[in-house]
Every structure is written in structure tokens, then in C-alpha cells.
Amino acid sequence: MPQHITVLDYDPKWPLEYEKERDYIAEILNDNCICIYHIGSTAVPGLAAKPVIDIMAVVRSLEKTDDAAGKFSAIGYEYLGEFGIAGRRYLRKGGDERTHQIHIFQADDWENIRRHLALRDYMRTHEKERKEYAEIKKSLALKYPYDIDGYCDGKDAFVREMERRALSLFEETWDRLYIAARNAQYERKISPLIEAGTVSAAILTDKGNVYIGVCIDTACSLGMCAERSAIANMIANGESRIRRIAIVMPDGRAGMPCGACRELMMQLGGTAGKIEILCDYESKESVRLESLIPNWWHN
């Protein structure tokens, strides 16, 4: 039986349904999982949508994702491979009356990741376009109640234009840095006395390059913070000016640089006090370095 297409007014329960499914997905992907996002129309408050929860997962390895196909099947998902988009793993749940869709991309596939995030964020902040999109979808659902191709074709031009606008306005820095840092964040057992990688950091330089570092923890005081490791990587590559830095703690939350690393960044000179440090990834809240080290001794 063809899929029945219905478009409903926004339901505040949709984010809760996403959160419940996110926990299942995170458990299945385990340490291959970098981050999971609610995307698509059900992720946009106020937007009418088909009641299908769209989820995007970013992973370290698609090969490891394929190894978990059986576990996804066990919770009701069809594992359909790329399904028309190179580098994607597409899964759907609910049969003809679909309830969930998962789009999985590897961390280095930034173009696919960014377009999903950009369109979601654009529709969240542009009421006029949000209302127009809702009307288009409701009209198409009435016209093509059992024709998913007709429904999708009917809104394709509008979605492409919204995606073009969204990408032109998308502030992608924190997402890029967070994903880059998380991709490098996993535990390494170097020796009986050294472990590394439970905390990670990503730096954006004035030249637009990204440098990664991970913590090195030792049995004595010879270790190194993730942010200092990233700074060393930056300097080794001929740069010394930081624009933004994201530090990711073992639980996935953003962290603050330690006192020694704050001092090191200040001593880089130039406009170091203006370096932005990520405080919270969900809200993209940040703070400038100068506010964390007031009345600096060298001023």
C-alpha cells in the first residue's frame, strides 16, 4: 500500500519523540557516534509537517555503522544503505505509515551535514518562509494523498531555494569545531602510565583553518590539556592567531580552558583577548577569553 501523506499542525510532542529515539540510536552506534540532531520539519517549532521524525546522526565510520544494521532492524528500522545520496546511510521505521527516518553521515561529509543544519536553523528563524512552506505542504498533501513522488516534486523548487538562502546565511563555525573535536575524542591507551583522548579541542584560526588536539594524561605532571595540544598543532603548522576554540568534555558538553591554557592563549598576543570560547553547544553560547582572565598582568 502506498504511503499515506498527511500534514499536521506542529505538535510539541515531536521533540520528545526525537529525544526518546535519539537514546536508542546513541546506544546502538555506541562509541562510533559523534552527535545526533533533530532535523527536518518536525524540528521547527510552528511548522506544519508530516508526522515523521527526521534524525541525523554523525559518525566516525560508516563501515562500523553498517556492522550495526542488525541492531537497527531489531528496533524496527529498514536499513536501506545510501538510498540515492552518496555517503549516506538511510533508515526508516513504520512501514507505509512511516514514523521515523534516520540519515547517517560520516564526520568528514561536511557538505551534507551542513545543508541539513542550515535549512533547519533558517526555517526556525524565518516566520514568513515557515508559513509559506506550511501552506505548500498542506496543499500538496491534499492533492497527492498517496503519491509521495508528486508531493516531493511539488515542493522541490521551494526547498531548493530555501536551502540556497539558508546556506548563504549559515554560521557554521561552532558546528564544524564541535564535530571536528568530537571526531578526535576517544580513549587511547598509550602505555600503563599514559592515556589520551578523553577530552578534545578544535581551534579555528584567523586564516580559517581548523586544528585539533586531545588531552594527554600521565601518571605524573607531564600531561597536556586538549587545548594546549591543539595550540601546539596550530603553531607547528605556522599559525598563531586563534579566532574560536571549542573544548569537548568526556560527556560531550563544552568545557572551559584551564587557567594555564588561558594564560598561554593570552600570551599568543595580538587580539588574543577577543578569542571566543564555546560555553554551550546547543545554544551556541560563547564567551571571550578576556572575560575569563580579567586584569591580565601584561596589560
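Read-outs throughout are calculated quantities, based only on the coordinates presented, and are distinct from any laboratory measurement. Since the model is a prediction, treat every value here as computed from it, not as a measurement. Quick reminder, even Gly has a Cβ in these numbers, built from the backbone with ideal geometry, and neighbours come from all protein chains shown.
Per DSSP H run of n ≥ 4, the term is -39500 (n - 2.57); total these for the chain, divide by its residue number, and report the mean residue ellipticity at 222 nm rounded to 500 deg cm²/dmol.
-12000 deg cm²/dmol
Arrange C35, C220 by Cβ neighbour counts within 10 Å, fewest through most, would you?
Listed from fewest to most nearby Cβ atoms, that is C220, C35.
In degrees between 0 and 90, to the nearest 10, how far off the longest principal axis of the chain does helix 226-236 point, with axes built from Cα atoms?
80
Projected area of the stretch 1-128, taken from the Cα convex hull and averaged over every viewing direction, in nm²?
8.0
Starting with the highest mean, order 181-187, 143-149, 288-294, 243-249 by the number of other Cβ atoms within 10 Å, averaged over the residues of each peptide.
Ranking the peptides 181-187, 143-149, 288-294, 243-249 by packing returns 243-249, 181-187, 288-294, 143-149.
List the relative contact order of the stretch 48-109 as a percent without decimals, with contacts defined as Cα pairs under 8 Å and 6+ residues apart.
For the stretch 48-109, the relative contact order is 41 percent.
What percentage of all Cα-Cα pairs in the stretch 151-212 are separated by more than 20 Å?
Considering the stretch 151-212, 54 percent of its Cα-Cα pairs are separated by more than 20 Å.
Which angle between 0 and 90 degrees, to the nearest 10, do you get for helix 148-169 versus the longest principal axis of the chain when only C-alpha atoms count?
Long axis of 148-169 versus the principal axis of the chain: about 30 degrees.
Just report the Cα centroid separation between the stretch 182-201 and the stretch 1-57, whole Å.
32
Enumerate the calculated ³J(HN,Hα) couplings along the stretch 62-68 in order (Karplus 6.51 cos²θ - 1.76 cosθ + 1.60, θ = phi - 60°), each rounded to whole Hz, writing x wherever the residue is Gly or Pro.
6, 5, 5, 4, 4, 5, 9
Sequence gap at least 6, Cα distance under 8 Å: using those rules, report the relative contact order of the chain to the nearest whole percent.
Averaging sequence separation for qualifying contacts and normalising by length gives 12 percent for the chain.
If packing is taken as the average count of other Cβ atoms within 10 Å, what order do 36-44, 161-169 fall into, highest mean first?
Listed from highest to lowest mean packing, they are 36-44, 161-169.
Using the alpha carbon gyration tensor of the stretch 99-154, what are the three equivalent-ellipsoid semi-axes (square root of 5 times each eigenvalue), largest first, in whole Å?
Value: 25, 18, 9 Å, ordered largest first.
What is the spread of the Cα atoms of the stretch 185-292 along each of their three principal axes, largest first, in whole Å?
Largest to smallest, the principal-axis extents are 41, 32, 24 Å.
May I ask you to work out the translational diffusion coefficient for the chain at 37 °C, viscosity 0.692 mPa s, via Stokes-Einstein with Rh from the Kirkwood sum over Cα pairs, reported in whole µm²/s?
In µm²/s, the coefficient rounds to 155.
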